[in-house]
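Q: My questions all concern the structure below.
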Amino acid sequence: MSQETKTLSFHPSQTRNTILTILQSCSQLVEAGDIHESDSTISELVKFLASLSDAALSDPNNEPVQNDAFDALTEIHRYICSPSLAQEVVDALSFELPKAVSKFAGISNRFVDIAISIIDQFLEKCGPRDMLSILCNTLGYSSNMTNAASYIVPPLSGLSKVFTSIKRRHFEQVQVAVPIILNVLKAVALDSDADDAELEGVFHRAVGIAKSIYEVCKKLDGVSNEKLRSVLGLYVLQCLALLSASISYKDSTCHLLVLELLRISSYCGLTYLGLLTAFDVENVAGFVFGEDKDVHMSCLSHVQHGAALSVVWGLVSNDVAHASKENLDAIKDELHNNQIKRWEAIGTLKHVLSFVNLPWELKKQTINFLLCITDRCISRECLDEPSEWSSYMPNIFSALQAIKMVIMYAPEPELRKKSFVLLKAVLADIPDTQRLDILKALITNTDSSSMIAILIDLVRREMHMEVCSSTSVKEAPDSNNEMHANMSFWTPSVLELVELVLRPPRGGPPSLPDESDAVLSALNLYRFVLMTESTGKTNRTGVLSRGNLLKAYNEWLLPLRTLVSGIMTENKNDYDQLAVDTVCTLNPLELVLYRCIELVEEKLKQSPT
């Protein structure tokens with residue numbers, strides 16, 4: 001045993017005597033009105049408790065040290081319970097002891113229980129409004145703690161009892177406390193190393209707070225009830241997101257806590273369809289916090305995630321859907337048949353797909369739901385002005401970005417395949433005039449060569465379908481070509497897309513073989529456009545103009561040929577695996593490249609100088 005441990009390992013009677021001596025000294029000083037000395041004595045008590053908690057936390061297998069620490073808290077609890085203890089002494093101790101005793105919570109469950117009991121005694125003897133301030137201050141101190149998840153359990157437990165004890169101005173009190181609670185929960189859930197057992201303890205208390213606010217709501221009516229329910233709704237959704245992201249999805253406790261939260265969510269009037277299509281966290285926050293809304297938005301950072309997850313958990317569990325009193329089949333039909341609501345739902349559900357901390361099981365449920373509402377959509381609402389549908393495009397774009405990330409990183413091939421089908425379905429739901437711009441933006445905002453190749457191939461498929469459709473229109477009897485032919489992808493923007501890959505903005509030719517997938521796809525697109533425009537005797541993209549032919553030849557194709565030839569020559573006679581893989585990767589690219597060069601040279605010969 002180290003010398004330091006020996007110093008801190010008091011005999012039980014010695015520990016209790018030390019605690020009792022300090023407490024009695026403090027009482028005498030407070031009753032005598034010596035504020036300076038009483039504060040000094042309380043500081044001495046806090047330091048002594050800190051030495052005990054530090055020793056117990058640093059040596060969890062040392063039973064004597066654990067017992068010393070527990071004896072100290074037991075003596076404090078016994079002392080505070082004394083009916084003869086003066087109120088001014090209780091008040092003086094209440095400012096510092098909740099923090100001091102909460103530090104012990106990381107040792108074991110019995111320390112959690114005794115710390116909660118001590119705080120409960122303060123709740124009985126001090127006013128709830130005073131304890132609300134003290135416990136919020138105790139929570140705020142968690143940022144200084146290494147075992148923050150355990151530390152916040154006693155004050156959270158205390159707050160759940162404070163809310164039901166407040167006699168008036170309930171909304172104002174809860175309004176102040178909720179942002180503090182949510183910020184602490186967010187830090188513990190997303191930024192700490194707490195294990196599942198610790199987090200379960202935290203969220204049991206967090207759900208307890210939701211239940212307490214719910215009980216208060218039931219006692220109010222009118223505007224007071226409406227405002228408090230709004231606060232509760234925001235609190236539940238944020239908690240749901242943090243819970244889903246931090247506790248193991250396979251843990252039955254996670255499912256039980258989710259069920260309890262969503263029962264309360266239903267009381268708050270948060271319906272699945274409303275959460276997916278009409279829930280505006282900023283508007284609700286404005287109603288709740290007024291002019292201070294912007295100050296509190298950080299604590300509501302995952303409310304939209306919670307809104308989406310409310311529905312996703314209904315897909316996971318029949319119990320949740322039943323508790324929420326929702327008909328998921330009816331909601332799917334509503335979204336499937338209404339394009340605007342469908343777009344709104346896609347914009348909400350993207351939050352599940354983009355939230356890195358969420359388990360893949362929840363993302364899989366989200367993908368399946370989105371496939372249901374986008375599969376062969378029969379309703380395409382004709383909005384009169386581009387501004388009416390263009391306002392939805394930023395959300396749709398970010399949803400496509402999230403789907404793209406699932407395609408790239410999902411661990412299961414089946415989920416990646418489904419996500420690709422969904423990507424195409426969402427793209428098909430976008431107005432024709434916007435689809436190319438969206439695809440270009442996706443390509444521009446992608447670093448993965450393979451993903452860029454997939455997206456460019458989608459552009460080529462769209463162009464092919466437009467050509468086939470145009471040909472069918474022309475061959476149909478009594479057709480009006482001008483009205484029916486849609487060639488929105490056949491614009492000069494396609495050449496800009498090819499240039500983006502073959503002559504990257506950073507300068508120089510593309511990096512090979514790293515970007516070979518994207519380069520091959522861009523070359524195939526260029527070849528397709530060149531051959532199709534030539535065959536159809538059209539030049540919608542400008543690909544056949546002499547200036548563009550020379551630009552492609554001199555700035556894209558020849559520099560690329562030089563690069564590919566050099567790499568192939570360098571690796572041709574090398575038989576290690578890397579060299580073989582490089583040659584195999586570049587072979588198809590080289591074939592398409594030389595075909596493109598032949599086609600351009602042929603067209604240049606035919607083009608007037």
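The values are calculated or read from the model by the stated rules, or taken from the named source; none is laboratory data. Computed from a prediction, not measured in an experiment: that's the story for all the values here. Note that each Cβ is placed from the backbone with ideal geometry, even for glycine, and that neighbours are counted across all protein chains shown. The area values use the complete protein model at the heavy-atom level, side chains included, leaving out ligands, DNA and RNA. Shrake-Rupley method; radii C 1.70, N 1.55, O 1.52, S 1.80 Å.
Q: Kindly evaluate Lys218 against the criterion of being closer than 17 Å to Ile247 by Cβ, in a helix (DSSP H, G or I) and not aliphatic (A, V, I, L, M). I'd like the intermediate steps shown before the answer.
A: Values: closer than 17 Å to Ile247 by Cβ: no; in a helix (DSSP H, G or I): yes; not aliphatic (A, V, I, L, M): yes.
No, not satisfied.
Q: Let me ask another. When residues of the range 186-209 are filtered for being assigned to a helix (DSSP H, G or I), over 16 Å from the mean Cα position of the chain (by Cα) and touching a residue at least 12 places away in the same chain (Cβ under 8 Å), how many remain? Give the steps one after another, and end with the answer.
A: Start the filter on the range 186-209 by keeping residues that are assigned to a helix (DSSP H, G or I), which leaves 186-191, 196-209.
Then drop every residue that is not over 16 Å from the mean Cα position of the chain (by Cα), which leaves 196-209.
Checking the rest, the ones that are also touching a residue at least 12 places away in the same chain (Cβ under 8 Å) come to 196, 198-209.
Number satisfying all stated conditions: 13.
Q: A further question on this structure: It is to be established whether one or more residues within the range 536-544 are at positive phi, open to solvent by 70 Å² or more (accessible area, probe 1.4 Å) and outside any helix (DSSP H, G or I). Outline the logic, then answer.
A: Residues of the range 536-544 that are at positive phi, as a first pass: 537, 542.
If we keep only those that are open to solvent by 70 Å² or more (accessible area, probe 1.4 Å) as well, we get 537.
Keeping just the survivors that are outside any helix (DSSP H, G or I) gives 537.
Yes - at least one qualifying residue is present in the range 536-544.
Q: Can you tell me which residues in the range 586-606 are of a type in the set (Lys, Arg), open to solvent by 80 Å² or more (accessible area, probe 1.4 Å) and either more than 47 Å from the chain's Cα centre (by Cα) or more than 13 Å from Arg527 (Cβ to Cβ) (or both)? First the steps, then the outcome.
A: Step one: filter the range 586-606 for residues of a type in the set (Lys, Arg), giving 595, 603, 605.
Narrowing further to those that are open to solvent by 80 Å² or more (accessible area, probe 1.4 Å): 595, 605.
Hit for the range 586-606 is Lys605, nothing else.
Q: Looking only at the range 258-284, how many residues end up being in contact with an Asp or Glu (Cβ under 8 Å, 6 or more places away or on another chain) and not aromatic (Phe, Trp, Tyr)?
A: Going through the range 258-284, the residues in contact with an Asp or Glu (Cβ under 8 Å, 6 or more places away or on another chain) turn out to be 259, 271-273, 276-278.
Then drop every residue that is not not aromatic (Phe, Trp, Tyr), which leaves 259, 271, 273, 276-278.
Total meeting the criteria: 6.
Q: Of the residues that sit in the range 269-315 and are surrounded by 16 or more Cβ atoms within 10 Å (Cβ to Cβ) and among the aromatic types (Phe, Trp, Tyr), which one is farthest from Cys372 (Cα to Cα)?
A: Phe289
Q: When the range 22-35 is examined, which residues are found to be open to solvent by 30 Å² or more (accessible area, probe 1.4 Å) and modelled with pLDDT of 90 or more?
A: Gln24, Ser25, Gln28, Leu29, listed by residue number.
Residue-wise test of (1) at pLDDT below 95; (2) touching a helix residue (DSSP H, G or I) at 6+ places or on another chain (Cβ under 6 Å).
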{"site": "Leu550", "(1), (2)": "no, no"}
{"site": "Leu558", "(1), (2)": "no, no"}
{"site": "Gly566", "(1), (2)": "yes, no"}
{"site": "Asp576", "(1), (2)": "yes, no"}
{"site": "Ala579", "(1), (2)": "yes, yes"}
{"site": "Thr582", "(1), (2)": "yes, yes"}
{"site": "Tyr594", "(1), (2)": "no, no"}
{"site": "Thr609", "(1), (2)": "yes, no"}
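Q: Checking the conditions here, which among Ser43, Ser51, Ser27 is free of Cβ contacts under 8 Å to residues at least 60 places away in the same chain, farther than 13 Å from Val101 by Cα and assigned to a helix (DSSP H, G or I)?
A: Just a single option satisfies the conditions, and that option is Ser43.
Q: Tell me whether the range 336-358 contains one or more residues that are among the charged types (D, E, K, R), in a helix (DSSP H, G or I) and surrounded by fewer than 17 Cβ atoms within 10 Å (Cβ to Cβ).
A: Within the range 336-358, the first condition is being among the charged types (D, E, K, R), and the residues that meet it are 341-342, 344, 350.
Imposing the further condition that a residue be in a helix (DSSP H, G or I) reduces the set to 341-342, 344, 350.
Subset that is surrounded by fewer than 17 Cβ atoms within 10 Å (Cβ to Cβ): none.
No, because not a single residue in the range 336-358 is among the charged types (D, E, K, R), in a helix (DSSP H, G or I) and surrounded by fewer than 17 Cβ atoms within 10 Å (Cβ to Cβ).
Q: Separate question: Could you tell me whether Ser230 is of a type in the set (Ser, Thr, Tyr), under 30 Å from Ile340 (Cβ atoms), open to solvent by less than 30 Å² (accessible area, probe 1.4 Å) and out of contact with any Leu (no Cβ under 7 Å at 6 or more places or on another chain)?
A: Working: of a type in the set (Ser, Thr, Tyr): yes; under 30 Å from Ile340 (Cβ atoms): yes; open to solvent by less than 30 Å² (accessible area, probe 1.4 Å): yes; out of contact with any Leu (no Cβ under 7 Å at 6 or more places or on another chain): yes.
Yes, satisfied.
Q: What single numbered condition from (1) in contact (Cβ under 8 Å) with a residue 40 or more places away in the chain; (2) buried (at least 16 other Cβ atoms within 10 Å of the Cβ) fails to hold for Val583?
A: Evaluating Val583 over (1) in contact (Cβ under 8 Å) with a residue 40 or more places away in the chain; (2) buried (at least 16 other Cβ atoms within 10 Å of the Cβ) leaves (1) as the failure.
Q: Kindly check whether there is at least one residue in the range 435-442 that is open to solvent by 10 Å² or more (accessible area, probe 1.4 Å), of a type in the set (Lys, Arg) and either in a helix (DSSP H, G or I) or under 22 Å from Ala518 (Cα atoms) (or both).
A: Yes, the range 435-442 contains at least one residue that is open to solvent by 10 Å² or more (accessible area, probe 1.4 Å), of a type in the set (Lys, Arg) and either in a helix (DSSP H, G or I) or under 22 Å from Ala518 (Cα atoms) (or both).
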